[in-house]
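First the structure, in the form of structure tokens, and then the observations on it.
Where a number appears in this text, it was derived from the coordinates with a stated rule and is not lab data. All figures in this text were calculated on a predicted structure; none of them were measured in a lab. When we count neighbours, we look across all protein chains shown, and the Cβ atoms used for this are built from the backbone with ideal geometry, even at glycine.
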Amino acid sequence: MFGWGEHLLELIFLGTGAGLPARERNVTSIALRLLTGQGEVWLFDCGEATQHQMMRSPVKLSKINHLFVTHAHGDHIFGIPGMLGSRSFQAATLPMTLCAPKAVCDFVEGALSASQTHLTYKFKTVETREGIVYEDDRWVVIAAKLDHSVDSYGYRVIERDQPGKFNPNGLEELGIPLGPLYGLLKQGQSIQLEDGRVIRGEKFVGPTTPGRIIAIMGDTRYCKAAIELARGADVLVHEATFAHEDRLLAQRYYHSTATQAACVADSAGVSQLILTHISARYQHDRGEQLVEEAKKRFPATTIAHDGMVWPIDRPSAQRH
């Protein structure tokens, strides 16, 4: 069952399976809801039937304005054309940006063209390359290539640090009038008055609030790129397609075991590891086997399930 909280940033796991749908898990899709401003939603991958999962969740198609895709395999992309078309049927007006490897952009554009799907909103594609793929005044998204059978990327979502709260108490007594000088002090700058006094803005601004970091990996074998992309993250979402006993299969098919995901989390110094992209062979209680294996290396581990909502609280002033 989908739940919802009052946190300002939440991950919603719409699909947590690998390869093909199973009774317990649909194929991959993760939503990141930014509960500020207009409450927009960023989607990471969009496997088949993701729309149906949304209908049982608080995620609204009209609020999705960014879709970041990790790679071109069908269990991560077959839901995209239908989702884009449904936004038009709902008369969505919020522009949509697709950030994905070139093969995915070509697939989506071809599907829209072949099906003569007309979009009622602005839609653009951005080819994913290593480095910064998106940034605004609050967020930066960095991509890095992982180790998979096709080009597969992980995304590091960084919330910029927020300046401390401005407290003007005492400024009036110092003879500082309302106006531009207040603005400079609010930014933490120092000003010099006509009588030569220097007023330090930092004394009137509270401590900076550190931004949050979320790392979401695409399909991958254990690799150093994943460690660097996840460095110091508050939450790492990493695939755990196989158990340790099936590690040779993981290596052959360019996937990771739960133990390997835990090794990435431990080496990167993250706060929380969430396992996803679970093979259908680990249904029912067998999923807990993956959690227990990972916890031996990284205790702060949980396994995602369809409908799970994970709040991401602000970190302390000092990151580990």
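List of remarks:
- In the chain, lysine pairs with alpha-carbon atoms under 27 angstrom apart (chain gap of 8 or more, or interchain): 18
- The convex hull of the Cα atoms of the stretch 163-207, projected and averaged over all directions, covers 2.8 nm².
- Gain on full stretching of the segment that runs from Glu109 to Glu173 - 0.36 nm per residue minus C-alpha separation: 16.8 nm
- Footprinting exposure proxy for Thr128, Thr209 (fewest neighbouring C-beta atoms within 10 Å first): Thr209, Thr128
- Surrounding net charge for Gly74, when Lys and Arg each add one and Asp and Glu each subtract one, Cβ distance under 13 Å: -4
- Near the amide H of Ser152, within less than 5 Å, lie the amide hydrogens of Leu146, all on another chain or at least 5 residues away, with H placed in the peptide plane.
- If you wrap the Cα atoms of the chain in a convex hull and average its projected area over all directions, you get 18.8 nm².
- Long-range tail of P(r) for the stretch 170-320 (Cα pairs > 28 Å, %): 41 percent
- Each peptide among 23-30, 254-261, 292-299 gets the average number of other Cβ atoms lying within 10 Å of its residues, and from highest to lowest they stand as 254-261, 23-30, 292-299.
- Amide H contacts under 5 Å for Phe78, placed H, 5+ residues apart: Glu48
- Ranked by the mean number of other Cβ atoms within 10 Å of their residues, highest first, the peptides 90-101, 230-241, 163-174, 179-190 fall in the order 230-241, 90-101, 179-190, 163-174.
- Here the 3J(HN,Hα) profile of the stretch 95-101, calculated from phi with Karplus coefficients 6.51, -1.76 and 1.60 at θ = phi - 60°, is x, 10, 10, 9, 10, 7, x Hz, Gly and Pro shown as x.
- DSSP bridge pairs, the chain: antiparallel proportion in percent, nearest 5: 60 percent
- Cα centroid of the stretch 235-297 to Cα centroid of the stretch 179-220, whole Å: 41 Å
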